[in-house]
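Trainee: Would you mind keeping the following structure in view while I ask a few things?
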């Protein structure tokens with residue numbers, strides 16, 4: 001008997017320990033309920049198209065006559081400004097003076113001719129004309145440069161002996177030198193006889209001997225060599241004279257060509273300098289004209305001492321104080337134009353956005369308090385903060401609201417009743433599709449046990465909290481909604497108390 005008592009105690013104790021090791025789950029019953037396709041969200045009321053009050057010039061504020069929340073009508077004075085000229089006009093006038101002084105100094109210091117100044121002030125240099133003239137000047141410069149190059153080449157050839165004339169002089173000099181050597185040898189041979197020329201000629205005519213004949217032959221050879229030497233020397237001198245004349249002629253031509261090249265280069269460079277000067281003066285002149293126009297525009301746009309409302313509405317914000325400087329084109333205060341209405345927006349998933357359409361009328365939470373509001377979905381666009389997954393719903397609001405007020409709205413189809421409805425957190429999904437875990441009860445000697453059983457489902461419709469299902473269930477089962485650890489189909493679980 002004691003043995004059975006012990007076995008019963010151990011079995012009970014073991015089951016108690018095992019139960020505490022099981023996942024603890026929360027459950028809710030499958031019910032018949034209504035589910036709607038409405039999309040809900042909360043947004044902050046904004047001005048539909050706020051009117052920003054600005055000034056076109058910087059002025060000091062003397063007095064601010066309105067505050068946030070004030071109602072205004074067209075013509076109401078919003079801000080008073082102090083008397084005086086705006087900082088923009090003062091700056092423009094100062095800049096214009098500096099531009100004119102720089103312009104006059106440039107003309108005076110660089111001694112720019114009046115015709116250059118006149119040309120600059122009357123449109124400057126025509127680009128086509130300037131291009132054509134520069135092309136002509138460049139072509140002339142190139143042509144003269146080639147002429148100088150060729151003449152220099154000829155001059156170098158005459159100087160270094162590589163010209164035809166120089167070669168001819170060298171040949172003539174060599175021939176004259178050789179003729180001189182022959183003459184020297186012939187003279188030596190003739191003088192070796194120790195006789196006078198007249199004596200040899202007389203003896204040759206009257207008493208011709210072998211010695212006389214030899215002397216006569218040496219004398220004739222001497223005269224022939226002398227004649228050849230004189231001829232060769234004359235040719236050499238003539239060629240040298242011609243070479244020198246050619247050198248002098250080429251030198252003169254080269255000097256003249258260099259002068260032409262200098263003139264052509266100066267004409268080219270002077271025209272480029274003229275273009276640059278005209279463009280510089282033109283740029284300064286145009287800057288002066290632009291600054292004069294700016295100053296004239298600022299003068300024409302000069303505001304009075306009072307800034308008034310152009311529309312009827314409510315002051316949303318005031319961003320300037322007495323004594324501060326109102327900066328040009330910076331909002332001083334913002335009005336809600338009553339003709340433009342209000343709006344609000346919030347982000348939803350793409351799936352939610354697909355359930356609504358532009359023009360749908362939305363309902364407001366606490367409708368009894370906002371009974372006079374009309375909220376209409378006016379635009380559906382991509383949410384720039386999460387463009388891949390979300391869209392932004394923008395609603396137009398007509399009625400009595402305040403900018404900055406938070407409203408919760410719902411938009412979409414009306415509710416429909418379904419047989420099987422569960423909380424959204426009861427629906428699970430894996431690679432085999434969507435399913436719920438239904439609690440099945442099993443009896444045991446020590447009490448009831450609970451098993452998580454998988455039931456595949458088709459989600460017919462979901463709203464913010466519930467989902468309507470198509471599933472093989474009876475409609476009164478309990479489904480797992482939460483658990484303190486992972487639960488798989490077939491697991492034993494224990495119910496939360």
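Trainee: Which distance in Å, rounded to a whole number, links the C-alpha centroids of the range 199-273 and the range 397-469?
Mentor: Between the Cα centre of the range 199-273 and that of the range 397-469, the gap is 127 Å.
Trainee: What is the order of 223, 115, fewest Cβ neighbours within 10 Å to most?
Mentor: Working: 223 14, 115 10.
Final ranking by Cβ density, sparse to dense: 115, 223.
Trainee: Over the chain, what is the relative contact order in percent, taking alpha-carbon pairs closer than 8 angstrom and at least six residues apart?
Mentor: 33
Trainee: Whole percent per 10 Å bin, from 0 to the bin with the longest distance: what is P(r) over all C-alpha pairs of the range 121-239?
Mentor: All Cα pairs considered, the percentages come to 12, 20, 15, 12, 10, 9, 7, 6, 4, 3, 1, 0.
Trainee: Say each of residue 85 and residue 181 gets a label point 7 Å from the Cα, pointing the same way as Cα to Cβ; how far apart are those two points in nm?
Mentor: About 10.2 nm, to one decimal.
Trainee: Can I ask one more? Which values, in whole Å and largest first, are the semi-axes of the equivalent ellipsoid of the chain obtained as the square root of 5 times each eigenvalue of the Cα gyration tensor?
Mentor: 119, 52, 18
Trainee: I've got another one for you. State the extension gain, in nm to one decimal, for the chain segment bounded by residue 415 and residue 94, taking 0.36 nm per residue of separation less the distance between their alpha-carbons.
Mentor: 108.3 nm
Trainee: Right, something else. Which of 444, 118 comes first, and how do the rest follow, when ranked by fewest Cβ neighbours within 10 Å? Write out the running numbers ahead of the final one.
Mentor: On the way: 444 8, 118 11.
With the fewest neighbours first, 444, 118 line up as 444, 118.
Trainee: Another question, then. PRE reach from residue 77 (point 7 Å along Cα→Cβ): which of the range 313-329 fall under 16 Å by backbone N?
Mentor: In the range 313-329, the label zone of residue 77 (backbone N under 16 Å from the point 7 Å along Cα→Cβ) covers 322-323.
Trainee: Now for a different question. Based on the Cβ-Cβ distance of residue 255 and residue 321, what FRET efficiency does E = 1/(1 + (r/R0)^6) give at R0 = 60 Å, to the nearest 0.05? Walk me through the intermediate numbers first.
Mentor: Values: r = 83 Å, r/R0 = 1.39.
The pair residue 255/residue 321 has a calculated efficiency of 0.10.
Trainee: Contact order normalised by length for the range 104-224, with contacts defined as Cα pairs under 8 Å and 6 or more residues apart; what percent is it?
Mentor: On the way: 28 pairs, mean separation 19.5, N = 121.
Contact order relative to length: 16 percent.
Trainee: Would you mind giving the three semi-axes, in whole Å and largest first, of the ellipsoid equivalent to the range 311-459 according to its Cα gyration tensor?
Mentor: 50, 18, 17
Trainee: If I model a spin label as a point 7 Å beyond the Cα along the Cα-Cβ vector, how far apart are those points for residue 292 and residue 156 in nm?
Mentor: So the two model labels end up 5.9 nm from each other.
Trainee: Which value at 222 nm does the chain reach when only helices count, each DSSP H run of 4 or more adding -39,500 (n - 2.57), with the total divided by all residues and rounded to the nearest 500 deg cm²/dmol? Mind showing how you got there, number by number?
Mentor: Values: 8 runs with 218 residues, N = 497.
When only DSSP H runs of four or more count, the value is -15500 deg cm²/dmol.
Read-outs throughout are calculated quantities, based only on the coordinates presented, and are distinct from any laboratory measurement. Model, not experiment: these values are computed from the prediction. For neighbour counting, all protein chains shown are included, and Cβ atoms are generated from backbone atoms with ideal geometry for every residue, glycine included.
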